[in-house]
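These notes concern the structure reproduced below.
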Amino acid sequence: MTLSGKTAVVTGSNSGIGLGVARELARAGANVVLNSFTDRPEDHQLAADLATEFGVGVRYIQADLSNGDQARALIETAGRCDILVNNAGIQHVAPIDEFPVDKWNAIIDINLSSAFHTTAAALPMMRAAGWGRVVNIASAHGLTASPYKSAYVAAKHGIVGLTKVTALETAREPITCNAICPGYVATPLVEAQIPDTMKKYNMSREEVVEKVLLERQPSKQFATVEQLGGTTVFLCSSAADQITGTTISVDGGWTAL
Ligand code: NAD
């Protein structure tokens, strides 16, 4: 299938799942806009490398998505947005009564509110182009909960709700909106949780991976960024024209338990 002629904006895409999704969209022929809050030479180099590898147009646009105006400006600067992948996200783990307020606010702003702002800015472009796809990278934590992840679970449940509303508001148009709910994927975000969890439970790295991180993932395997990219490309295909307002779990059976 080909997405040539389409432009995809993927938020939080200089690493992890966002980069994996951007790569699969580029492989399918889409022009891609990469984004993060940094503005380093390596961010722009990443865009140049992707353009060379897949023969598509790739730009890197810096925007700090904790700020709603910058989230909207990202879409305006892109100038065109046929495919919007709301992926940027952060994590913090603490009991509710000790949860730092600034971390709560940052997680809600980056993981949830940014998707509201980018979607609001992108829908008029999709309507003008007569086609559009919004893919929200939620989480198994958009459907279930874990202790110590209050802000993350609240934001991810929120983005599943936003997905449904976006789908209903566009249901009569050639625009769809869905959420992908990954279980654990081996990325820097997951890596960053390992040292704290090792300390908390006095466990080795291997024990943390198998007994804590993958405890609820029956396959006992991490999902890959390529699989999430492939799921996104599927949602952009005509086979998915009538798939809207729903969640697709890529979680090795987590939510079947
Ligand atoms: P990651 O840390 O590798 O990537 C996060 C991306 O978001 C990075 O590109 C980062 O630069 C960007 N980002 C962070 N703060 C930002 C800000 N203020 N403005 C703009 N960009 C910002 O993490 P990841 O694991 O690839 O996570 C990507 C998404 O997938 C997140 O929404 C996360 O919640 C979700 N997710 C991850 C897993 C997992 O196991 N890794 C599981 C389920 C859902």
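The values are calculated or read from the model by the stated rules, or taken from the named source; none is laboratory data. As the structure is a computational prediction, the values presented were derived from the model and not from experiment. Virtual Cβ from ideal backbone geometry, glycine too; neighbours counted across all protein chains shown. Note: areas computed on protein heavy atoms with side chains; ligands, DNA, RNA excluded. Shrake-Rupley method; radii C 1.70, N 1.55, O 1.52, S 1.80 Å.
What the phi angles of region 151-166 give under the Karplus curve with 6.51, -1.76 and 1.60, with θ = phi - 60°, is a coupling list of 5, 5, 5, 5, 5, 6, 4, x, 6, 5, x, 4, 4, 5, 5, 4 Hz, glycine and proline written as x. Overall, the chain carries a charge dipole of about 460 debye about its Cα centre when +1 sits on the Cβ of Lys and Arg and -1 on the Cβ of Asp and Glu, all other atoms neutral. For region 113-129, the Karplus equation 6.51 cos²θ - 1.76 cosθ + 1.60, evaluated at θ = phi - 60°, returns couplings of 5, 4, 5, 4, 5, 5, 5, 4, 6, 7, 4, x, 5, 5, 4, 5, 7 Hz by residue, with Gly and Pro reported as x. By a 1.4 Å probe calculation restricted to protein chains, Arg27 has an accessible surface near 130 Å², given to the nearest 10.
In the context of the full protein assembly, Tyr201 retains an accessible surface of approximately 110 Å², using a probe radius of 1.4 Å and ignoring ligands and nucleic acids. Compactness of region 47-86 is given as radius of gyration and Dmax, 11.6, 32 Å, from Cα positions.
Mind grabbing the base-10 log of I(q)/I(0) for the chain at q = 0.11 Å⁻¹? Debye formula, identical points on the C-alpha positions, no solvent, two decimal places. Relative scattering, expressed as log10 I(q)/I(0), comes to -0.56. Normalised per residue, the accessible area of the chain is 45 Å², obtained with a 1.4 Å probe and no contribution from ligands, DNA or RNA.
Note on region 100-166: Cα Rg divided by 2.2 N^0.38 Å, N the number of residues, gives 1.24. Largest accessible area first, the residues Trp131, Trp104 order themselves as Trp104, Trp131 under a 1.4 Å probe with ligands, DNA and RNA left out. Taking a virtual spin label 7 Å from the Cα of Phe37 along the C-beta vector, which residues in region 92-113 bring their backbone nitrogen under 14 Å of it? Zone members listed by number: 92, 102-113. Ordered by solvent-accessible area of protein heavy atoms (1.4 Å probe), largest first, the residues Ile180, Ile96, Ile90, Ile110 come out as Ile96, Ile90, Ile110, Ile180. Taking region 221-257 and a reference point 7 angstrom along Cα→Cβ of Val190, the backbone N atoms nearer than 18 Å belong to 221-232, 248-257. Inter-label distance, Thr52 to Arg127: 4.2 nm, where each label sits 7 Å from its Cα along the C-beta direction. Of the listed residues His92, His141, the order by accessible area with a 1.4 Å probe, largest first, is His92, His141. Remark on Tyr148: its backbone amide H falls under 5 Å from those of Ile96, a criterion applied only to residues 5 or more positions apart or on other chains, H modelled at 1.01 Å from N.
Taking label positions 7 Å along the Cα-Cβ direction at both Ala106 and Ile243, the computed distance is 3.4 nm, reported to one decimal.
Put simply, the C-alpha atoms of region 1-129 give a gyration tensor, and the ellipsoid matching it has half-axes of 27, 17, 12 Å, longest first. Just grab the label-to-label distance for Glu215 and Ala256, each label 7 Å out from Cα along the Cβ direction, in nm (one decimal). About 2.2 nm, to one decimal. Using amide H atoms built 1.01 Å from N in the peptide plane, name the residues 5+ places from Ile248, or on other chains, whose amide H lies under 5 Å from its own. Residues meeting the criterion, in which the H sits 1.01 Å from N, are Ala179, Ile180, Cys181.
Counting only heavy atoms of the protein chains and using a 1.4 Å probe, His44 has close to 80 Å² of accessible surface. 3J(HN,Hα) along region 63-78, derived from phi through the Karplus expression 6.51 cos²θ - 1.76 cosθ + 1.60 where θ = phi - 60°, amounts to 7, 8, 7, 6, 10, x, 5, 5, 4, 5, 5, 4, 5, 4, 5, 4 Hz, with x in place of Gly and Pro.
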